[in-house]
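Scroll down for the structure; my scribbles are underneath it.
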Amino acid sequence: MIDLLNSLFILNRLIKIVKLSYVRTKYYIYYTICNSLSEIDAILHIKFQDIFKDPWNYFRLRVLFKVVKKNKKEPEYRSEKSRKRAQRKRGVYFPNYSLSTRTSKNYFETKYPLHSISSPSVFSFMNVEYSNKMLGFFNDLDNVVRKHKNVYLNMSEINIITEGAILYLLSRLHYYKYSESGYRISGNFPSNKECEKLLLESNFPKYVFTERKYTEEVQIFPIIDGYDSNGEVIDNVLSFVEKHINLTEDNSFDIYGPMLECLTNSKNHAYQKMNSKFHKWWLIAIPDTKHTRVHYTCLDNGSGIPSTIKKKFRERILPPILIPGEKDTDFVISALRGEFRTRTNKIERGKGLPSIFRASQNSQIANLTIISNFAYVKIDHNENISIRENMLNKFKGTLISWDFVE
C-alpha cells in the first residue's frame, strides 16, 4: 500500500508537468504518462502496470485526469486582437466547419452573399459628362468590394465602350489585389457584339479568369502592362501605327520622347508612398475602320499629377475653395507649361509633361487628353486648350491619350 501511495504521489507530480503541454484527449495523456514513467522506472523501481491491477486505483487515476483537464488555464494574450486571432486559427468562430469547408467556394458564398452592381451603358471617358458617371460607378464599386467582398459586375447593358475605360477597370482590379483581402469579383461580357469583340480583342481575358478568347486575327495593338519605362514597347507601338497611317519619320522621332515620358513619369512621379508591386502602367492602340487615325491610350495607377507636382506654400496650407482658380486643372496646365513643378528641384527633371504638351504642335497628333485626379484637360493643335474642367469625382491615376492622324 505504501508503494502504491508513493507511486500515485510521483504520478501526481508528473501529471502537473505533463499538463503544461496541451493535449486533446485523455488517451493521449495516458500514453504520455506511460512513456514518461517507463523512463524513470529504473530509478524508482516501481512497475507502473501494478497501479492498474486494482480497479480502485484506475478509478482514482481517471479522476486525476479530469482534474488536470478542468484546471487547464486559458493562455494569456497580449491584446484582445491577438486572442481573437488565435481563436480564428483554432476555428472557435466556425466550430461547425472544417478547414477544407472554410476555404471552399460554398463557405465563401455563405459568409459573403453575392452582391450585384451594374456598369453604365456608356463605359467611356470620352467627355466630362460620361467621366463623372464612370467615376461615380467606380466609387460605388470600391465601396461594394470593401463592404460585401463577393461582387458580381454586370456589364451586359454596355452599348459603348472605349479603351480608356478598359484600362481603368484593370487598374482598379489591380488595386483591389493589393489593398482588399479576401474579395471575389465575378462578372459577364457585354451583350453588344461590338463591345464584346473589343474586350476580347484587347487582351482583357488575360487579366481575368475566363475561358473566352478571341480566335480571329487581332486588328489592334492589345493591352500591354509593365512597371518600368520600356523603349522596346514604344518602338512596337510606333511600328503598329506606321502600318495603318503614313507616319513620317520626323514625326515618329518627335513623338517617341513624349510616349516614353508617359511610362517614365509613371515610375518616377506617380508612386512615392506605395508598394512597388502596385506600380504599374497599361497602354493600348486602336485604329479606326477607315485607317485614317490610330487612338493611343496610356494609363498609370499612381497618385496623379496634381498630387505629385510641387506646390507653392499657400497652395499646400489653404484648401482649394479659399484659392480662387487654383484647382486640379490649373495644376495640370501649370505642369504642362513647364512652370518648374517638379518636387525633386532638379533642373533636368520636370520636362516630361511639357514635352507631351509640345507634342500637340505635331501635325499628326490630335485630341490630346489628360485625365488626372479631378482634372479633365483636352488640347487641340498648337497647344490650344479646348477643355479644362474639374470633375465631380476623383480619377485615381493619370490617363493620357491622343490620336495619330494622317
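All conditions in (1) more than 26 Å from residue 279 (Cβ to Cβ); (2) touching an Asp or Glu at 6+ places or on another chain (Cβ under 8 Å); (3) not in a helix (DSSP H, G or I) hold for residue 252, with the sole exception of (3). On inspection, residue 238 qualifies as part of a helix (DSSP H, G or I) and crowded, with 17+ Cβ neighbours inside 10 Å. For the stretch 120-160, the set of residues classified as part of a strand (DSSP E or B) and touching a Phe, Trp or Tyr at 6+ places or on another chain (Cβ under 9 Å) consists of 122, 123, 150, 151, 160, listed by residue number. Note on the stretch 146-167: residues that are among the hydrophobic types (A, V, I, L, M, F, W, C) and in contact with a Lys or Arg (Cβ under 9 Å, 6 or more places away or on another chain) total 1.
What tally of residues in the stretch 176-233 results from selecting those that are polar (S, T, N, Q) and either under 30 Å from residue 113 (Cα atoms) or modelled with pLDDT of 90 or more (or both)? So the count comes out to 9.
Taking the criterion of being part of a helix (DSSP H, G or I), more than 27 Å from residue 229 (Cβ to Cβ) and at pLDDT 75 or above, the only residue of the stretch 293-352 that qualifies is 330. Answer yes or no as to whether residue 239 is among the hydroxyl-bearing types (Ser, Thr, Tyr) and either closer than 28 Å to residue 199 by Cβ or touching a residue at least 24 places away in the same chain (Cβ under 8 Å) (or both). When the stated conditions are applied, residue 239 passes them. Restricting attention to the stretch 195-234, the residues being of a type in the set (D, E, K, R), surrounded by fewer than 17 Cβ atoms within 10 Å (Cβ to Cβ), without any contact (Cβ under 8 Å) to a residue 12 or more places away in the chain and part of a helix (DSSP H, G or I) number 1. Return the total of residues in the stretch 137-184 being exposed (fewer than 14 other Cβ atoms within 10 Å of the Cβ), free of Cβ contacts under 8 Å to residues at least 40 places away in the same chain, under 25 Å from residue 202 (Cα atoms) and touching a helix residue (DSSP H, G or I) at 6+ places or on another chain (Cβ under 8 Å). Residues flagged as exposed (fewer than 14 other Cβ atoms within 10 Å of the Cβ), free of Cβ contacts under 8 Å to residues at least 40 places away in the same chain, under 25 Å from residue 202 (Cα atoms) and touching a helix residue (DSSP H, G or I) at 6+ places or on another chain (Cβ under 8 Å) within the stretch 137-184 amount to 1. Provide a single number: the residues in the stretch 161-188 that are more than 19 Å from the chain's Cα centre (by Cα) and farther than 21 Å from residue 126 by Cα. So the answer is 1. Assessment of the stretch 127-135 against the conditions (under 21 Å from residue 374 (Cα atoms) and small (Gly, Ala, Ser)) yields at least one matching residue.
The values are calculated or read from the model by the stated rules, or taken from the named source; none is laboratory data. Keep in mind that this is a model prediction, so the values were computed, not measured. Here the Cβ is made from the backbone with ideal geometry for all residues, glycine too, and neighbour counts use every protein chain on show.
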